[in-house]
Every structure is written in C-alpha cells, then in structure tokens.
Amino acid sequence: WVEDGRIRVVVSLIDAAENRLIWTYRFEDRLSSVFSLNDKITLEVITALNVSITEGEQERIAFIHGTYNLQAWLVAGQAMQYVRRMTREDNARARVLYRQAADLDPDYPGAWDGLAWTHFIEARFGWSADALASICAASEYAQRTLALDNERPATCALLGGVQLAYGRHDEAIALAQKAVTMSPNGADITAVLAFIMTYAGRY
C-alpha cells in the first residue's frame, strides 16, 4: 500500500506444510526510506524465525531494544557465536566484531553489551594481563549500554559480576536478582546469579 509518500507492508510467515500462520507484522514508513524498511523487515523475519526455532524468548528480548542496522546486527550475531565458545582466541575475535557493530551503529546497545562481556570474560578466566583494567572496561561499556537501554537484564547481570569482582557481594547479588526479575526465563541470567551467589558464599 502506497499513499501520500508513505508505504505500508504486511509480512506473514506461514508454515506451508501445515498451512498455519506463524507470525505477522505490519511495517509503515516514508517511501523515501524503502531501503531501510527492507532491512527492518529482514531483521524482524530473522528474529521471528529465531524465536520460533532456536533462541526463543531471549532472542526476542535482545532484538526489541537493538538496532535496525542490518549489518551491525549480523556482525553482533557472529560475535555472539564466538563468545559462546569460551576460548581466549574466540573471545578476542568476538571483541573485534562487537567493535565493528558499534562502529556501524553507535546507538546499538547490544554491541556495547557484547564488548562489556568480552572484557568481563577475559578477566574471569585469567586471560587479561591486567584484570582490573578489564573489569573497569567491562563496567564502562555496560554503563554505556544502559545509557542507551536501561532494560537489558544481561547488562544488569554483568554489572553484578563487576561488583562481585570488587568484593561487594550484597550489591552484586542485588543486581543479579534484579536481572532475573527482568528476565525470569533467561537461563544465562539465572546462571550469572548462581555464579555470584556461589562466590559470595550463599550456596
């Protein structure tokens, strides 16, 4: 539908085997923004598929407060795969990619959150020549993330880890519990809370 310089598109995903509607969404924008609208539609479809097939609710939450820069989103997604391998080399690769995503969209909280995690992880596993500097960098990037989007449970949990590193157990637990409240079905978030409580002696 096109009218008065605006375009409206309705997109539906259908399970052809079962002839069943999986997801539908309506997009509307200026006709002059048709190419950026194409990226928005692509991201929404990819996310809808991930929600249905792989990452579930956590993928939906991560995307809602994300980016409409398709390239930044794809690069950050690649970085996430490296982070999950939990090796020193892959963590370094992830950092490079998250930095690229941040350069592509400086307002993309997921890119800054990812950068924060790479610094926290290297400190956690002793991969940093200066663990305190890594923790400080993790905190800095996490704060930048929350300045863009203060409703990211993973970032809140990360700051709990930062407080744990400083020996502030009560503050660490409170932040991790807040993160779980924000995302009660987030397995990774709950794992961070368990990690913090274990090191705080609250088994």
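Numerical summary
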item: Hz values of 3J(HN,Hα) by residue in region 12-26 - Karplus curve (6.51, -1.76, 1.60), Gly and Pro given as x; result: 10, 9, 10, 7, 5, 5, 9, 6, 10, 6, 9, 6, 9, 8, 10
item: Other-chain or far-sequence residues with amide H under 5 Å of ILE22's (modelled H); result: LEU13, ILE14, ASP15
item: Order by protection proxy (mean Cβ within 10 Å, highest first), peptides 8-19, 76-87; result: 76-87, 8-19
item: Probe 1.4 Å, accessible area per residue of region 58-143, Å²; result: 49 Å²
item: Cα gyration tensor shape for region 131-203, rounded if a/c is under 1.5, else prolate or oblate; result: oblate
item: Other-chain or far-sequence residues with amide H under 5 Å of ARG6's (modelled H); result: LEU31
item: Counting all C-alpha pairs of region 82-136, share separated by more than 13 Å (%); result: 54 percent
item: Under the Karplus curve 6.51 cos²θ - 1.76 cosθ + 1.60, θ = phi - 60°, whole-Hz ³J(HN,Hα) for region 171-184, x wherever Gly or Pro sits; result: 5, 4, 5, 4, 5, 5, 5, 4, 5, 5, 4, 5, 9, x
item: Percent accessible area from carbon and sulfur atoms, region 131-203, protein chains only, probe 1.4 Å; result: 53 percent
item: Neighbour cut-off at most 15 other Cβ (10 Å), DSSP loop, chymotrypsin sites (Phe, Trp or Tyr not before Pro), region 84-179; result: PHE125, TYR166
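The values are calculated or read from the model by the stated rules, or taken from the named source; none is laboratory data. Not measured: the values here are computed from a predicted model. Counting neighbours? That spans all protein chains shown, and the Cβs are built from the backbone with ideal geometry, glycine included. The area values use the complete protein model at the heavy-atom level, side chains included, leaving out ligands, DNA and RNA. Shrake-Rupley method; radii C 1.70, N 1.55, O 1.52, S 1.80 Å.
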